[in-house]
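J.: So that we are looking at the same thing, I have put the structure below in C-alpha cells.
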Amino acid sequence: MDSADLRAAVLGFDPEVPIESAWMPPSSWYVAPEVHALERRAVFARTWQPVARLDELSQPGDFASGCLAGEPWVVVRGRDGELRAFHNVCRHKGREVVQGRGRAEELVCGYHAWRYDLDGALRGAPRLAGVRDFDRDAMGLVPLRVEAWGRWVFVNGDPDAPPLAPRVAPLLASLEEGGWGELTYSRSVSWELACNWKVYVDNYLDGGYHIPHMHPTLDAQIDMESYRTETFEHFSVQTCAPAGAPDGRIGYDAGARIGPGAIYAWVYPNWMLNRYGPCLDTNHVVPLGPDRCRVDYEFWFRAADGEEARRFLEESVEQSALTQREDVAICESVQVGLGSSAYDRGRYAPRVEQGEHHFHRLLARDLRRAVGP
Ligand code: FES
Ligand SMILES: [Fe+2]
C-alpha cells in the first residue's frame, strides 16, 4: 500500500454520513500494516492511555514500565512526590532503561549502567572519558505527559494534548454514584487475541447486538429491552437493567450480580470500564500489530470480608472469563473474515450500533487529520 492507497483507505469511511446510510470502514483498516503504522502515530501517540494504578506509585521511587503501540514508557514517583513519565529509552543505545515495576533510588540502564535521576536527568555514564561535545543536560530521558484520574495514571505522547480530566468528567460522576471510592483492586488478567484492536472495540460497542446470540449466561442476567447507548464527545456509555425474571440458564439471582443496572463505559480509543453490582472491571485494549492485540483486565470489588464475599468475587471473575472466551472466539473469526477477498465493508444496525459508529467517526477524524486534506 503506497501513500496514495493509504489516503484512499482513510477517506474510504465518511464520518459525515449518518448511521442510517453509512457504510462501515473498509477492511483495510483492520488488516493493512500501513493503517496500523498510521494509527500508532495518529491515535496511540496522541491519546491518554492508562498505564498503571495510583496505588502502585504511592512512594518516592515507585516506578512502572511497559510498552504501548511500540512506545516503551516508564512512570515514576519523584522524591518531591510528583508523578513523572518518560519514554523508557536509554539515550546511549536505546535499550529500555528499566523493566517491570518496582522501587528505585534512580533509574539505571542495565546495559552499560547509564544512571538517570527520578526526574529524568542523566546523573552519570561510566567510561565516557575522552568524549567531546557531550551535553549531559541534554541527554536526560525524554518526557511524556502524565495525569492521574480516578484510580489510575495515564500517559500521553502529545505535548499539546488537552488534559484528560475535563474530557471524562461526566463519566466519573456517573461511576461515583455507584460507590467508586470504596472499590478495592483485586487482580489483573491479560488475554492475547489474533485480531486487530478495533475488532475487539467494535464488538464491545455493538449495543448488545451479539449478546443474545453469543453470550447465553450474560443474556440471562440482563434485560435486553432496556439496553441503551449514549454517546458523548470523547466517550460512550451503554447501560442495561438486570433481568426481571429468573432464568434457567443461570443458577443465581441476576439482580445480585448486576445490581440496579450495568454501566459499560468506553473512552476513546481503547479503554472500557464495566460497573455492575459491587464490581468494576476495566479493559485496556493494547494493539500488538495489524492482526494482534492484548486486552488487560483489572478487577475491583467493594471491600467485603467473609466466605460469601470471596465466593461472589470468584464467580464474577469466572463469569467475566466465560464472556471473554466467547468474545475471543468471535473476534478471531471476524479477523479471518476481514481478510477475505469477498468482504470489504458492512452496514450498521442504526438503532443498535450507535456506539460503534461513534467510535469510527472519532477514529476517522484522527486518521484524516494525519493524512492531510
Ligand atoms: S544502552 Fe543504556 S547504558 Fe548503554
Ligand atoms: Fe461480547
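J.: Within the stretch 333-356, which residues are surrounded by 15 or more Cβ atoms within 10 Å (Cβ to Cβ) and among the acidic types (Asp, Glu)?
T.: GLU353, GLU356
J.: Can you find, within the stretch 189-213, the residue that is surrounded by the fewest Cβ atoms within 10 Å (Cβ to Cβ) among those that are hydroxyl-bearing (Ser, Thr, Tyr) and closer than 17 Å to ALA349 by Cα?
T.: Within the stretch 189-213, the subset hydroxyl-bearing (Ser, Thr, Tyr) is 190, 200, 204, 209.
Among the residues that remain, those that are also closer than 17 Å to ALA349 by Cα are: 204, 209.
Numbers: TYR204: 22, TYR209: 18.
Top of the filtered list is TYR209.
J.: If the requirement is being on the phi < 0 side of the Ramachandran plot and either within 16 Å of ligand 1 (Cβ to nearest atom) or in a loop (DSSP other than H, G, I, E, B) (or both), which of these qualifies: GLY248, GLY207? Walk me through how you get there before you give the answer.
T.: On the way: GLY207 fails: on the phi < 0 side of the Ramachandran plot.
Answer to the selection: GLY248.
This table checks each residue for (1) within 30 Å of PRO26 (Cα to Cα); (2) modelled with pLDDT under 95; (3) buried (at least 21 other Cβ atoms within 10 Å of the Cβ); (4) within 16 Å of ligand 1 (Cβ to nearest atom).
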site	(1), (2), (3), (4)
CYS279	no, yes, yes, no
GLY289	yes, no, no, no
ARG294	yes, no, no, no
GLU307	no, yes, no, no
SER320	no, yes, no, no
ILE330	yes, no, no, no
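J.: Check whether at least one residue in the stretch 245-252 is surrounded by 19 or more Cβ atoms within 10 Å (Cβ to Cβ), within 25 Å of LEU313 (Cα to Cα) and at pLDDT below 90, and report yes or no. Write out each step before concluding.
T.: In the first step, residues of the stretch 245-252 are kept if they are surrounded by 19 or more Cβ atoms within 10 Å (Cβ to Cβ); the result is none.
No: the stretch 245-252 contains no residue that is surrounded by 19 or more Cβ atoms within 10 Å (Cβ to Cβ), within 25 Å of LEU313 (Cα to Cα) and at pLDDT below 90.
J.: Going by what's in this entry, would ALA45 be described as among the hydrophobic types (A, V, I, L, M, F, W, C), more than 16 Å from ligand 1 (Cβ to nearest atom), surrounded by 19 or more Cβ atoms within 10 Å (Cβ to Cβ) and in contact (Cβ under 8 Å) with a residue 40 or more places away in the chain?
T.: Values: among the hydrophobic types (A, V, I, L, M, F, W, C): yes; more than 16 Å from ligand 1 (Cβ to nearest atom): yes; surrounded by 19 or more Cβ atoms within 10 Å (Cβ to Cβ): no; in contact (Cβ under 8 Å) with a residue 40 or more places away in the chain: yes.
For ALA45, the condition - among the hydrophobic types (A, V, I, L, M, F, W, C), more than 16 Å from ligand 1 (Cβ to nearest atom), surrounded by 19 or more Cβ atoms within 10 Å (Cβ to Cβ) and in contact (Cβ under 8 Å) with a residue 40 or more places away in the chain - is not met.
J.: So ASP80 passes all but one of these: (1) in contact with a Phe, Trp or Tyr (Cβ under 9 Å, 6 or more places away or on another chain); (2) more than 15 Å from ligand 1 (Cβ to nearest atom); (3) over 27 Å from LEU288 (Cα atoms). Which condition number does it fail?
T.: (1)
J.: Related question: Being in contact with a helix residue (DSSP H, G or I) (Cβ under 6 Å, 6 or more places away or on another chain) and hydrophobic (A, V, I, L, M, F, W, C) narrows it down to one of VAL75, VAL43, VAL51, so name that one.
T.: Numbers: VAL75 fails: in contact with a helix residue (DSSP H, G or I) (Cβ under 6 Å, 6 or more places away or on another chain); VAL51 fails: in contact with a helix residue (DSSP H, G or I) (Cβ under 6 Å, 6 or more places away or on another chain).
None of the other options fit; the residue is VAL43.
J.: Which one is farthest from THR47 (Cα to Cα), of the residues in the stretch 231-247 that are of a type outside the set (Val, Ile, Thr) and touching a residue at least 24 places away in the same chain (Cβ under 8 Å)? Please lay out each step first, then the result.
T.: Start the filter on the stretch 231-247 by keeping residues that are of a type outside the set (Val, Ile, Thr), which leaves 232-236, 238, 240-247.
Still in the list and also touching a residue at least 24 places away in the same chain (Cβ under 8 Å): 232-236, 238, 240, 247.
On the way: PHE232: 16, GLU233: 14, HIS234: 11, PHE235: 13, SER236: 16, GLN238: 22, CYS240: 28, ASP247: 42 Å.
So the residue we want is ASP247.
J.: With respect to VAL17, is the statement that it is over 18 Å from ARG365 (Cα atoms) and surrounded by fewer than 18 Cβ atoms within 10 Å (Cβ to Cβ) true? Working first, answer last.
T.: Numbers: over 18 Å from ARG365 (Cα atoms): no; surrounded by fewer than 18 Cβ atoms within 10 Å (Cβ to Cβ): yes.
So VAL17 does not fit the description; no.
J.: I need a count of the residues in the stretch 143-183 that are touching a residue at least 40 places away in the same chain (Cβ under 8 Å) and farther than 29 Å from TYR116 by Cβ.
T.: 11
J.: Is it true that ASN274 is polar (S, T, N, Q), more than 16 Å from ligand 1 (Cβ to nearest atom), without any contact (Cβ under 8 Å) to a residue 40 or more places away in the chain and surrounded by 16 or more Cβ atoms within 10 Å (Cβ to Cβ)? Spell out how you get there, then give the answer.
T.: On the way: polar (S, T, N, Q): yes; more than 16 Å from ligand 1 (Cβ to nearest atom): yes; without any contact (Cβ under 8 Å) to a residue 40 or more places away in the chain: yes; surrounded by 16 or more Cβ atoms within 10 Å (Cβ to Cβ): yes.
Answer is yes for this residue.
J.: Oh, and also: Within the stretch 5-16, work out how many residues are among the aliphatic types (A, V, I, L, M) and more than 15 Å from ALA37 (Cα to Cα). Before you say what the answer is, go through the steps one by one.
T.: In the first step, residues of the stretch 5-16 are kept if they are among the aliphatic types (A, V, I, L, M); the result is 6, 8-11.
Imposing the further condition that a residue be more than 15 Å from ALA37 (Cα to Cα) reduces the set to 8, 11.
Total meeting the criteria: 2.
The values are calculated or read from the model by the stated rules, or taken from the named source; none is laboratory data. Just so it is clear, the structure is predicted and the values come from calculations on it, not from any experiment. Neighbour counts run over all protein chains shown; Cβ positions are idealised from the backbone, glycine included.
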